[in-house]
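Everything below concerns the one structure shown next.
Values in this text are rule-based calculations from the coordinates and carry no lab data. These figures come from a predicted structure and were not determined experimentally. Cβ placement follows ideal geometry from the backbone for every residue including glycine, while neighbour counts extend to all protein chains displayed.
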Ligand SMILES: Cc1cc2nc3c(=O)[nH]c(=O)nc-3n(C[C@H](O)[C@H](O)[C@H](O)COP(=O)(O)OP(=O)(O)OC[C@H]3O[C@@H](n4cnc5c(N)ncnc54)[C@H](O)[C@@H]3O)c2cc1C
């Protein structure tokens, strides 16, 4: 069978689902996308895209719109929570582009999603279609919907996020509450005037908490996320409006720039943070998982979207290289992606501890490590080309 004889169903139209659908459609594969929301709308506000993800976006053709809408981070700075002592400043900017072939982007999620939607060749996007179950046969997979309807495909790609339904076809587990809540909001650019000349990511580390903020939307606004240990809240709704005054009160004693940023928010949303233990399997014979459905990770390494883009490239390659033998294509996808994503997943969890040390010997050792690792060479393992993205170009 040629690749254009394959019928693929993608479940979920987030970063991973859109990216894999773009790549498959460009190769002539018949690819339907089923998305439970009635409209495509990005949840959350800001996202950092490291060069390993940015390079894939460029290869897909998104460079002009990313250059227009995103901010290029000049550096990543980490500071101490109370007195603002600079713990490390890793220069990015042009150095990052020279070393890794793409910048470190800071972008509003809606802008990233619009970029991907613009790149999606016309085709069958089914909005308001929540998949409730899949049934796998030797030669096909059946997708079932809550209204009793169903459809079939040769391959189903589960791109339905951390609370994935499709994951149930591959592994029997549940999302794990990490014991943290994240409070996210947008504030005017005037809250951090230094961003005008020095756009960068700011991390502030303190006992049991950390805060991240950076400019988005061509520098007009700043996105922040404030993470705090919240062991009691595992059963709270996944997201809910939060009180701005309560948020600021929780950061009493923190550096005035931090409280100024948090205090400038008109509205704040709280999210519980979840991941899952890494599964040995990312696929069955005809169902493959990508992005957060495959390897949901804590956001402390800012890698979820970039890893989702890497998955999309490798899966599209593996599927179209052996359209006659779907199970072996999916086996190869899993073999290529699991070691890489295991490393990133593990390091993300590790940061949940190291970011939140109380002041003392562990915190001092961490700060010394941060100071030692303040150059881009320490990021070769992460920002380097783990998927051979040159191959994407050949498919355009
Ligand atoms: C606080 C926070 C900050 C983050 N910051 C960063 C960052 O700076 N950089 C970074 O790279 N990553 C970051 N991430 C992670 C990143 O957001 C995710 O890894 C990424 O969005 C995963 O994309 P995805 O397409 O796999 O899943 P999602 O974006 O979750 O998309 C899943 C899609 O599937 C749909 N869906 C769900 N169930 C069904 C169903 N049954 N049927 C049909 N459709 C369904 C959903 O509506 C959704 O559209 C962060 C995450 C959090 C929580």
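Which FRET efficiency value, to the nearest 0.05, do you get for residue 142 and residue 63 by plugging their Cβ-Cβ distance into 1/(1 + (r/R0)^6) with R0 = 45 Å?
Efficiency for this residue pair is about 0.70.
Going by Cα centres, segment 140-172 and segment 282-349 are how many Å apart?
For segment 140-172 versus segment 282-349, the Cα centre distance is 16 Å.
How long are the semi-axes of the ellipsoid equivalent to segment 89-154, from square roots of 5 times the Cα gyration tensor eigenvalues, in whole Å, largest first?
Rounded to whole Å, the semi-axes are 40, 16, 12.
Can you tell me what share of the DSSP beta bridges in the chain is antiparallel? A percent to the nearest 5 is fine.
70
Let me know the shape class of segment 330-391, please: from the alpha-carbon gyration tensor, a ≥ b ≥ c as square roots of the eigenvalues, rounded when a/c is under 1.5, otherwise prolate if a/b is greater than b/c, or oblate.
It is oblate, given that a/c is not under 1.5 and a/b is not larger than b/c.
Using a ≥ b ≥ c from the Cα gyration tensor of segment 179-257 (square roots of the eigenvalues), is it rounded, prolate or oblate, where a/c under 1.5 gives rounded and otherwise the larger of a/b and b/c decides, a/b for prolate?
Here segment 179-257 falls in the prolate category.
Taking just the C-alpha trace of the chain, give me its Rg and Dmax in Å.
Every Cα atom of the chain included, Rg and Dmax give 20.9, 65 Å.
Which peptide among 248-255, 330-337, 184-191, 295-302 comes first, and what is the full order, when sorted by highest mean count of other Cβ atoms within 10 Å?
Highest mean packing first, the order is 295-302, 330-337, 184-191, 248-255.
What is the helix-to-structure angle for 51-60, meaning the angle in degrees between its Cα long axis and the longest Cα principal axis of the chain, kept from 0 to 90 and rounded to the nearest 10?
40
So what's the angle, to the nearest 10 degrees on a 0 to 90 scale, between helix 15-26 and the longest Cα principal axis of the chain?
So the helix axis and the longest Cα principal axis differ by about 40 degrees.
When the helices in the chain are scored as -39500 (n - 2.57) per DSSP H run of 4 or longer and the sum is shared across all residues, what 222 nm value do you end up with, to the nearest 500 deg cm²/dmol?
-10000 deg cm²/dmol
For helix 361-372, what angle does its Cα long axis make with the longest principal axis of the chain, in degrees from 0 to 90 and rounded to 10?
So the helix axis and the longest Cα principal axis differ by about 70 degrees.
With a ≥ b ≥ c the root eigenvalues of the C-alpha gyration tensor of segment 281-366, is it rounded (a/c under 1.5), prolate (a/b larger than b/c) or oblate?
prolate
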